[in-house]
Amino acid sequence: MAVERMKMLNIIGHLEDMDFIARELVLLGCVHPVNALHEINSNNFTISTTVKNMDALMDVGFVKPYQKNQEADRIAGQINTLLEAFELDRDDITVDPKSKAGLRGIAGDIGDIYQKVEKCRKDTESLNGELARNRELKEHFGYLAGLDFPWQDLMEMENFDFRVGTFSRENTVKLRTNYGNIPAIVYPVKSGKERDVVVTIVPKTLTVELERIYSALGYQSLQIPHELKGTPAQIIQDLEEKERDRMAQLKACEETMQKTREEYGPLVRRACGELILYEKMKEINNETACSNDFFYMAGWIPAGEKKRLEARLKPVKERTLLFCKDPEQVDKSVSPPTRLKNSGVLRPFEALVRMYGTPSYNEADPTVFVALSYMVLFGAMFGDVGQGLVFFLAGLILAKWKSRPNLGGVFTGMGISSMVFGVLYGSVFGLENWIPPLLIRPMDDITTMLFAAIGLGVVLLSIAYLFNIWNAIRRMDLEEGLLGQNGAAGLLFFWTLLITVLLYFQKGKLPLPMPVIVLILAGLLILTVVKEPVANLLLRKKPLYRERVSDYYIEGGFGILETLLSMLSNTISFVRVGAFALNHVGLFLAFRTLSEMIRNSGGKAVVLIIGNIVILGLEGLIVFIQGLRLEYYELFSKFYDGAGIPYHPVALTVPRKRRTSTGSF
Amino acid sequence: MSNAVRYAAVDTKIRALEGRLLSDTDYNVLLEKQTVPDIIHYLEQTDYRHVFAGMDEQSLHREGIEVRLRRYAVDKLIRLRHYFRGNYSKFLSVLLMRFEVEDLKILIRAIHTDRDYIDSPHALVYIGRYGDLDFQRLSASGSFPELVEHLKGTPYYRYLVPLTQGEKSRFQVEMSLDLAYVSIFKRCLELLTREEQQKVLQITGIKADLQNLQWIYRGKKFYHLPPDILLNYSISFGGRLDNAAIRELCYSKDVSGVADHLKESRYRFLFQHDRTRDLFMERRISRYLYYRLLEFKRKSSMDIVAIIVYFDLLDFEIRDIITIMENIRYHNENPDQIKRYLIREL
């Protein structure tokens, strides 16, 4: 249970080595890049002044961001087009880590294939265009198929115009109401869904008038070339012949394409591997700064990976400067990314923590606490051997076969805990007569259940306080840790109040005389209010207040109210753990009563099974959420900040099928 | 879903919105105002209070004010649209398309003549602020066919494509856009229940009739348009006047022929005053509609009518405000005179 130690890596090298180094870093897969220019500007990028470093140092004054490599981007674009044409899925392609070719090494081959494919694509496109136009014309002449005149003659009439065109539906109706006033013969040949096709024959002298009417009605003339030969029927035949011819060409094109695919498939796959690698390298390079001869890289690596890194960069060791610094040596404004390190059983619960926020680098990793407390809370609310087993199995299935390791892991944990509490409560699939309870039957002793729940809450809350104090110690934050309302003062106040109340109600007496208790409590409360000036006094810091004094105390006054209220509500909130345990039994009781009202035993079983399904689904979900609520709201708010940066190293991602537990649910 | 459920909330909302329309007292106060800023100051005390926010008092262009007032209406309708899902939400969107069509006309005009006018979407009520049309793309079009190409995939496309063949006048384009809206609207009626379709048809039928009459009358009197053009650009929506009746009106010899035809109809009021006929025709139409709408509203409950009526009342009110402002800018007549030009009768 920890946050992994990080080191700041600075690399300075010759520009010609840059691609090699970026490649090695990607293959190493554990560098979280940081913008080098930003690092240099904030003076983090410190280089010891030796003769060997002189050149690089002189150049630092001229750094600029890494310029995009347009040549490589062009090749990348070609490969992407090829992938599409070859119908390859990037996820299926594995990168060959041994290949040294790089994008430039395969540029020539790829260029050739690209030309071929591109030609094929263009041919196909133009053929398809021709076919579409052909089909359109065929359709148009289909309207005129009954006409036994050569098309050219119709087009070249001396005194008449022959037109084919369309109107929208509603305008055909309008046209019809006014047939009497139209100076032309209008002959509808086809009524379509949206538009009607009409043939119009108009004397040439009247075309102007006709056009005026037609354009008002949204007439759209069909584009038919004049020079087609033969009657419409013959033209259709010609068109069909042309179509067959083009189809044959299209097929030939496809065959060529298929052959190209078979021939160059492996090459394109390899190229895609290079592309993936290149894109990852770009992620690193984009954060790199360059001068005329050198490049400057910065990034975080886990402290333990330093040796492997050095081994990988051995070939260029002589010519490259490599520094590793501890986070303490780096400017405060750059915080290291957080990589959580937990053992296998606990790792799924990292997702629960991450859902709230990634811990800061200096913050304690709450995963263990969350895992244990969440399992206990869930089990206590949902204690049942049988139903727990179902959750356990569901978790196994999710993790193993559905590639949901986090959700699956959390489910298994919940299932185990539920089974343990099932034994304690003596409940199997809701039935309480199969095994004896080891501890208690929730329904038999409701008060104990509820008080026990609050007791559990007190324990968990106290741990949360301790966590906060521990975090404050790590940050060297006297104000929060010692005097804060969630720090030592708060914890002391909480327990003093608790012991007093407990003793008073149990034994009817007070541990100390009343005035003393009141004095202690009031003192602690006042301490939380004046925490800032007191802490600054102790540390001899000035000024005492960061804001206006009056504002500070007004806020502090309300702070007292909030402290008291939240203490009360946070504690009482845990009653729900007991309540849901009772609810769990109660809900099943309802189904059992239903089953007893049914005479035949088959019916009884059905009702019980339905009851179990409802409880598993509905109550399981509610308890799942209530558990989260207790974690996030009651506990995390006491100590957890979650403002860290998640650790995202540049690495070749494993295809989804083989993905292990990373990411969230 | 039954209408009682569908309109339970929105009916109440509309009541509240209607309560916020200007009262007669508001009107009277506005009429007494002497300057445009005075009017705006007063409107800022009413429901229009946010309309003029951030507007520089010195540069109150007429256009700027009108655009803001219209956007106010759009905002109201969009807010009402939140109360609906599925078909009804779509129907309200179609009501909003009226603004889109007007904006498209402005864009087309700008492409033809005055590009500076649409450097930014300030001049437009709807496009660039609401809806799916991309202002940047549309306004970057160099020609009308290019603009039409950019409209591919929208309902307007198929109505505008025929106009890209050959040289078409802007008049034709704008008329076609208006008719396109009419037929889109007609089609979207199917989204409503049968009963509601009937009611909406009744209202829009009256509107269509009046629009047609105005179009035919003006076309004949001022523009001397040939009857076939009048007929082809009229709305065939069938209120009281069916296609045959419209055709007869279009082909009647002159304006008095039109008036003769309507002697017995309910629309005869448009032609009864010889001296003020032209001046007040539009106001008479609107005022007639105003009272008909109120009547429709009284007779209906828990249906789409309330929304349509509210929307029109709001439109009338905005037009009245604009009239009052225009009077200050251009005529400065006394309040009693202006009242005659307002849609609402005071």
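Read the figures in this text as sums done on the coordinates, not as results from a lab. Since the model is a prediction, treat every value here as computed from it, not as a measurement. In this analysis, Cβ positions are derived from the backbone assuming ideal geometry, glycine residues included, and neighbour counts consider all displayed protein chains.
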The farthest towards the positive end of the charge dipole of the protein assembly as shown, of the residues A:SER601, A:SER343, A:GLY383, given +1 on Cβ of Lys and Arg and -1 on Cβ of Asp and Glu, is A:SER601
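Using the beta-carbon distance between A:SER403 and A:ILE520 and R0 = 51 Å, what value does 1/(1 + (r/R0)^6) give for FRET efficiency, to the nearest 0.05?
Numbers: r = 56 Å, r/R0 = 1.09.
Given R0 = 51 Å and the Cβ-Cβ separation, E is 0.35.
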Please find the FRET efficiency linking A:LEU568 to A:ARG90, where r is the Cβ-Cβ separation and R0 is fixed at 56 Å, and quote it to the nearest 0.05.
-> 0.50
Report the label-to-label distance for A:ASP112 and B:LYS299 in nanometres (one decimal), using points 7 Å from each Cα along the Cα→Cβ vector.
-> 8.3 nm
P(r) of segment A:371-453 over all Cα-Cα pairs, 5 Å bins starting at 0, rounded to whole percent, reads 3, 18, 23, 21, 16, 9, 6, 3, 1
Given the C-alpha centroids of segment A:77-108 and segment B:40-57, what is the distance between them in whole angstrom?
-> 62 Å
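Calculate, in whole percent, how much of the Cα-Cα pair population of segment B:1-160 lies beyond 18 Å.
Working: 8559 of 12720 pairs.
When all Cα pairs of segment B:1-160 are counted, 67 percent exceed 18 Å.
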Could you work out how far apart the two model spin labels at A:ILE610 and A:PHE62 are, taking each label as a point 7 Å from the Cα in the direction of the beta carbon, and quote it in nm?
-> 8.3 nm
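Per 0.36 nm of contour for each residue apart, how much would the distance between B:THR113 and B:LYS168 grow if the chain were fully extended, relative to their Cα-Cα spacing?
The span from B:THR113 to B:LYS168 would gain 18.3 nm if fully extended.
Mind ordering A:276-284, A:644-652, B:24-32 by average Cβ neighbours within 10 Å, highest first? Write down the numbers at each step before the final one.
Numbers: A:276-284: 20.3, A:644-652: 17.3, B:24-32: 14.6.
Per-residue Cβ counts within 10 Å, averaged per peptide and sorted highest first, yield A:276-284, A:644-652, B:24-32.
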Describe numerically, in nm with one decimal, the distance between label points set 7 Å from Cα along Cα→Cβ at A:LEU652 and at A:TYR504.
-> 6.9 nm
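Where a ≥ b ≥ c are the square roots of the eigenvalues of the C-alpha gyration tensor, would you call segment A:477-573 rounded, which needs a/c under 1.5, or, failing that, prolate if a/b is larger than b/c, or oblate? Please list the in-between numbers first.
Values: a/c = 2.47, a/b = 2.01, b/c = 1.23.
Prolate.
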Before anything else, pin down the relative contact order of segment B:132-233: Cα pairs under 8 Å, at least 6 apart, normalised by residue count, whole percent.
-> 17 percent
Starting from one equal scatterer on each C-alpha and no solvent at all, send me the Debye-based log10 I(q)/I(0) for the protein assembly as shown at q = 0.05, 0.06, 0.08 Å⁻¹, two decimals.
-> -0.62, -0.87, -1.20
Which lysines have a Cα lying under 23 Å from the Cα of B:LYS199, excluding residues fewer than 8 positions away in the same chain?
-> B:LYS13, B:LYS76, B:LYS90, B:LYS186, B:LYS207, B:LYS297, B:LYS299
Using mean Cβ contacts within 10 Å as the protection proxy, how do B:97-107, A:480-490, A:109-119 order, highest first?
-> A:480-490, B:97-107, A:109-119
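Expected output is a single nm value to one decimal: the length gained when fully extending between A:LEU618 and A:GLU254, i.e. 0.36 nm times separation in residues minus the C-alpha distance. What is it? Kindly include the intermediate steps, with their values, before the conclusion.
Working: separation 364, 0.36 × 364 = 131.04 nm, distance 5.52 nm.
Answer, rounded to one decimal: 125.5 nm.
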